[in-house]
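*Asks:* One structure coming up, written as structure tokens, with questions to follow.
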Amino acid sequence: MVRLPLALAAALLATSAFAQTDAPAPSTTEKTGVNSVLGVAPSTQDFVTEAATSDMFEIESSKLALERSDDATKAFAQQMVTDHEKTTADLNRLVTGGKVKATLPGAMTDKQQSTLKDLKALQGADFTKRYHSIQVDAHEDAVDLFKRYGDGGEQADLKAWAAATLPHLQHHLDMANGLNK
């Protein structure tokens, strides 16, 4: 019988337990942007993870904007909360209903949490300017992600949903760009 050193065994158990409670991080090629540059569709798990964490971030940052921004930004933020809660519910139905084989993440990425923390430290015009910038960046990423999966995704129901959702995300990007004028 082969015996593993105690530290290695503990590490394997910890990794196994973590994998069961949280969705995997996006693949290296997806996380680094290589897939985006090459126009390669993300894997189903990468798409689900990124779409879900993006929704979480959009909702939380927009709720903050509802408390701290001007009227035009608040109107945009309210639409972001409403629309991203809908896409979250749609994605959850696809995954939990068994149509999509993937694991939903339990939390935003570390980067998203850090950005949200930084945003919480701002007030007034500084907050609004940073929120606008974040929204443009987040929606550029979302449009790219949904376009790539909608064009070449591996799972038919999710691919159709991504393609149907893309025009809404493009509209969000257009609105976010309009906030900066």
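*Asks:* For the structure I just gave you, tell me whether residue 15 is buried (at least 16 other Cβ atoms within 10 Å of the Cβ), farther than 23 Å from residue 160 by Cβ and modelled with pLDDT under 95.
*Replies:* no
*Asks:* Can you tell me which condition residue 49 does not meet? The list is (1) without any contact (Cβ under 8 Å) to a residue 24 or more places away in the chain; (2) buried (at least 19 other Cβ atoms within 10 Å of the Cβ); (3) out of contact with any helix residue (DSSP H, G or I) (no Cβ under 6 Å at 6 or more places or on another chain), and all the others hold.
*Replies:* (1)
*Asks:* Still on this structure, I have one more. Could you grab me the full set of residues in the stretch 73-128 that are of a type in the set (D, E, K, R), closer than 17 Å to residue 56 by Cα and surrounded by fewer than 19 Cβ atoms within 10 Å (Cβ to Cβ)?
*Replies:* Residues satisfying the conditions are 85, 86, 90, 93, 110, 111, 117, 118, 120.
*Asks:* Within the stretch 65-181, considering only helices (runs of 4 or more DSSP H) that don't extend past its boundaries, which have at least 3 residues that are in contact (Cβ under 8 Å) with a residue 60 or more places away in the chain and acidic (Asp, Glu)?
*Replies:* 124-152
The values are calculated or read from the model by the stated rules, or taken from the named source; none is laboratory data. Computed from a predicted structure; not experimentally measured. Heads up, the Cβs are rebuilt from the backbone with ideal geometry, glycines too, and the neighbour counts pull from every protein chain shown.
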